[in-house]
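Structure, as structure tokens:
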Amino acid sequence: MHNKKEPLDAYALLLSEDCNLACKYCYERKGIGHAYQSMPFPVIDHTFELIKNNYTIHGTSVCDITLFGGEPFLNIPGIEYILETASELSINLPIEFSIHAISNGTILNKKIFEVISKHNNLFTQVQLSVDGIKHVHDKYRVLKSGKGSFALVERNIHLWKTLLNNKATIHSVVTKDSIPFIYENYSFFRYQWGILNIWFLPAKDDNYSELDIELYDQQMGLVAGKILHDLNTRKTLETFQGFSPFSKILSPGQDIPCGAGKNYCTIDVAGDIYPCHHFRFIDTNKSTVFGNVFEGIEDSRRNLFIGYGPEDIVGCQDCELRFRCFRCLAENYDKYGSPFIQVKGAHCKFMKIDNKYQKLLLERAVELGLVDIETANSNVDVVQTSFCKP
């Protein structure tokens, strides 16, 4: 275990624990501690006090705030208050705020449009959770009535793009049922909706079959082929950079799965501080809570998440992708009662498929002179002498 003390510089605020959807795969639907309330202003005020104290103690001049839920845009007064406070604070202190929002995309009224427009300079990204074409999306992402929500998102997508330009991104949850449509979904987002930044991530599911994994390989291969075509014809990294998980290989690997509890935390409507939003809805005993914005952070409880390193993740020590694979500490905790016993199985196979196409695209980018060899080799976390031959 490492003992380095790290400042918190990323905060996810659960602005509303309510949601207008009832997505069938959502971990929040367990309803554990789900108050269906909006975050009150005093919690927001004390969150900013925490941010200011962090700046005073550690000199941290960059702060990332994610507007989360539930559906955060059900609490537009809270969002407006956060944006006004961040704008004012960035004038008085040399803190650069980066605002993200994660939304189901179904709510975009005049007030929301005005608030985001006024503070557009603060926004880095608004992630819209959309699973794919209509029948794919509507199978899981439904209203509380059971009706699909695709039409509501599609009605708003032009406005989201007008408001945000390339700050609008798509996050698609890949399920057992949607694997055969990955390429069609990607093509729809990229070429019909004109969204550049797209993220596909398989849902946690113990029922993936070998056929599902083969189909995933086939479909991701088709996406890789389209991106390769763009590399060859357009001679830019734009499409490659825009698609996650492939784009991950363009950045250096990291020695931990995520920053949960280390530099990132989630604050709920009561002001309790969790390692991440996922822990908030699965930790029935609040055993992972390491503070409250009104009372401060308990270092003794946070140290568990600050201190671990890659060697502490049981099950990944010998894996060549341990520095690049998407691993969720909360999923580990939910299944094994420990954040550091890795859930394995189909997701390991999915990540290895992703890595196969990552390397193929990176190699071509090097051949085209879009990425230099030294950068490519430093970003590839496999045990070999050289990834790209000169």
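The values are calculated or read from the model by the stated rules, or taken from the named source; none is laboratory data. All of these numbers come straight from a predicted model, not from anything done at the bench. Positions of Cβ are generated from backbone atoms using ideal geometry, with glycine treated the same way; all protein chains shown enter the neighbour counts. Note: accessible area is taken over every heavy atom of the protein model, side chains too, but ligands, DNA and RNA are not part of it. Shrake-Rupley method; radii C 1.70, N 1.55, O 1.52, S 1.80 Å.
What to note about this one:
- Unmet requirement for Lys134, which otherwise passes all of (1) modelled with pLDDT under 95; (2) under 18 Å from Thr106 (Cα atoms): (1)
- Tallying residues that are touching a strand residue (DSSP E or B) at 6+ places or on another chain (Cβ under 9 Å), over 16 Å from Asn165 (Cβ atoms) and aliphatic (A, V, I, L, M) within the stretch 98-121 yields 1.
- Verdict on Leu152 being part of a helix (DSSP H, G or I), surrounded by 15 or more Cβ atoms within 10 Å (Cβ to Cβ) and either in contact with a helix residue (DSSP H, G or I) (Cβ under 8 Å, 6 or more places away or on another chain) or of a type in the set (Gly, Ala, Ser) (or both): no
- Residue in the stretch 91-98 that is open to solvent by 10 Å² or more (accessible area, probe 1.4 Å) and part of a helix (DSSP H, G or I) present: yes
- Candidates Gly69, Gly31 - the one that is within 20 Å of the chain's Cα centre (by Cα), small (Gly, Ala, Ser) and modelled with pLDDT under 95: Gly69
- Test: residue in the stretch 172-179 that is surrounded by fewer than 15 Cβ atoms within 10 Å (Cβ to Cβ), in contact with a helix residue (DSSP H, G or I) (Cβ under 8 Å, 6 or more places away or on another chain) and part of a helix (DSSP H, G or I): no
- The set of residues in the stretch 55-67 that are open to solvent by 20 Å² or more (accessible area, probe 1.4 Å) and either touching a residue at least 12 places away in the same chain (Cβ under 8 Å) or aliphatic (A, V, I, L, M) (or both) comprises Tyr55, Ile57, His58, Thr60, Ser61, Val62, Asp64.
- When Gly345, Gly337, Gly309 are checked against the criterion of being at pLDDT below 90 and at positive phi, a single residue qualifies: Gly345.
- The lone criterion from (1) at pLDDT below 95; (2) in contact with a strand residue (DSSP E or B) (Cβ under 8 Å, 6 or more places away or on another chain); (3) closer than 21 Å to Phe294 by Cβ left unmet by Ala86 is number (1).
- Scan of the stretch 342-384 for residues that are within 21 Å of the chain's Cα centre (by Cα), surrounded by fewer than 17 Cβ atoms within 10 Å (Cβ to Cβ) and not in a helix (DSSP H, G or I), ordered by number: Lys344
- Checklist (1) over 23 Å from Ser244 (Cβ atoms); (2) of a type outside the set (Ser, Thr, Tyr); (3) open to solvent by less than 10 Å² (accessible area, probe 1.4 Å) applied to Ile313, failing item: (1)
- Counting only helices (runs of 4 or more DSSP H) wholly contained in the stretch 194-302, the ones carrying 3 or more residues that are open to solvent by 60 Å² or more (accessible area, probe 1.4 Å) and under 26 Å from Gln342 (Cα atoms) occupy 210-234.
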